[in-house]
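Enquirer: Let me begin by handing over the structure; questions about it come next.
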Amino acid sequence: MQWQQLKVQIHPDHLDFIEPQLLAAGAVSITYLDAEDQPIFQIELSSTPLWDSLVLCALFEEEVELDPLLKWLRGNDAIVNRDALAVETIADQAWERSWMDSFEAMQFGDKLWICPSWQEPPDPSATNIMLDPGLAFGSGSHATTALCLQWLGATDLVGRRVVDYGCGSGILAIAAALLGAETIDAIDNDPQAVLATDDNCARNGLAIDRVASYLPEQFDADDRSGQVDILLANILAEPLHTLAPKFASLVRPGGDLVLSGLLADQAADITARYSEWFDMSAPEQREDWIRLTGVRR
Ligand SMILES: C[S@@+](CC[C@H](N)C(=O)[O-])C[C@H]1O[C@@H](n2cnc3c(N)ncnc32)[C@H](O)[C@@H]1O
């Protein structure tokens, strides 16, 4: 069996008008794609922001007659790519498995691997985190996560107490635990991330007394005993700026700070902010992103 695919570029204001027409014409799925390359940062929880220029990728069974729909779209001012509208033929495949092809085991430093559950770890003697992509951020493929994993892979974590602030999938907390950290507090303001962290910890055989996950208010209310040796936060510049005093109070003198989620041009501002409490080092860059590290005075 084959499928017919039609990509229709619109402004998001026209979504409620165009999408029902595609469904009425027989579309069995419609995927929203970014027509340009516009990152959407810091979304509100439970909101579904759209890009300024949107492509609707509609899939139809092969026998559906698409000429009337194409004629209607080509005559409609709401369609941006009217002249380029064309139906593509897509061969059938095992759709429920095809997304797996783009995920492969990834190595960080000498001893740390992130492996999808459907692959054998390439180096069984290494520290292998079994992690499948899910709803929460943190599969290892993003530069900001990679910068933190590299730091963890190159650091002696045995017996250290760690905070992972903005834990997402729990990838950094799990890496720290498997590399020998004694306890890890994993915090995220997205309840989905807290659930994902618990789930991924269980998959990696980590009990709650090693990695405890919290919403920020639960973490603040918990009776914490003492400061930690290492605080990792891969969030974004704005929350990192706001959270600086809190992070300073969480890290013991001599303890390490690792910040990521920052673009290169944000390094100076965040370095200045954290220099009030930490001796900051020069940024480490990967693609457009940087990692900042510091030692608590
Ligand atoms: C870029 S992801 C990082 C996930 C993972 N730690 C990694 O390195 O891949 C940032 C995470 O921080 C969380 N986050 C953002 N702002 C936060 C805040 N103010 N407090 C707690 N978590 C926050 C987001 O929900 C998201 O899961």
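Enquirer: Count, please, the residues in the range 244-278 that happen to be more than 19 Å from residue 143 (Cα to Cα), aliphatic (A, V, I, L, M) and part of a strand (DSSP E or B).
Expert: Number satisfying all stated conditions: 1.
Enquirer: If you don't mind, there's one more thing I want to ask. Out of (1) assigned to a loop (DSSP other than H, G, I, E, B); (2) modelled with pLDDT of 95 or more, the odd one out for residue 207 is which?
Expert: Among (1) assigned to a loop (DSSP other than H, G, I, E, B); (2) modelled with pLDDT of 95 or more, residue 207 violates only (2).
Enquirer: Can we say residue 222 is acidic (Asp, Glu) and crowded, with 16+ Cβ neighbours inside 10 Å?
Expert: It is false that residue 222 is acidic (Asp, Glu) and crowded, with 16+ Cβ neighbours inside 10 Å.
Enquirer: Quick one: is residue 178 over 18 Å from residue 140 (Cβ atoms), touching a strand residue (DSSP E or B) at 6+ places or on another chain (Cβ under 9 Å) and either surrounded by fewer than 24 Cβ atoms within 10 Å (Cβ to Cβ) or among the hydrophobic types (A, V, I, L, M, F, W, C) (or both)?
Expert: no
Enquirer: Inspect all residues belonging to the range 239-248 and state whether any of them is in contact (Cβ under 8 Å) with a residue 40 or more places away in the chain, within 16 Å of the ligand (Cβ to nearest atom), over 18 Å from residue 171 (Cβ atoms) and touching a Leu at 6+ places or on another chain (Cβ under 8 Å).
Expert: Yes - at least one qualifying residue is present in the range 239-248.
The values are calculated or read from the model by the stated rules, or taken from the named source; none is laboratory data. The shown structure was predicted, so the numbers you read here are calculated from the model rather than taken from an experiment. Here Cβ is always computed from backbone atoms with ideal geometry, including for glycine, and neighbour counts include all displayed protein chains.
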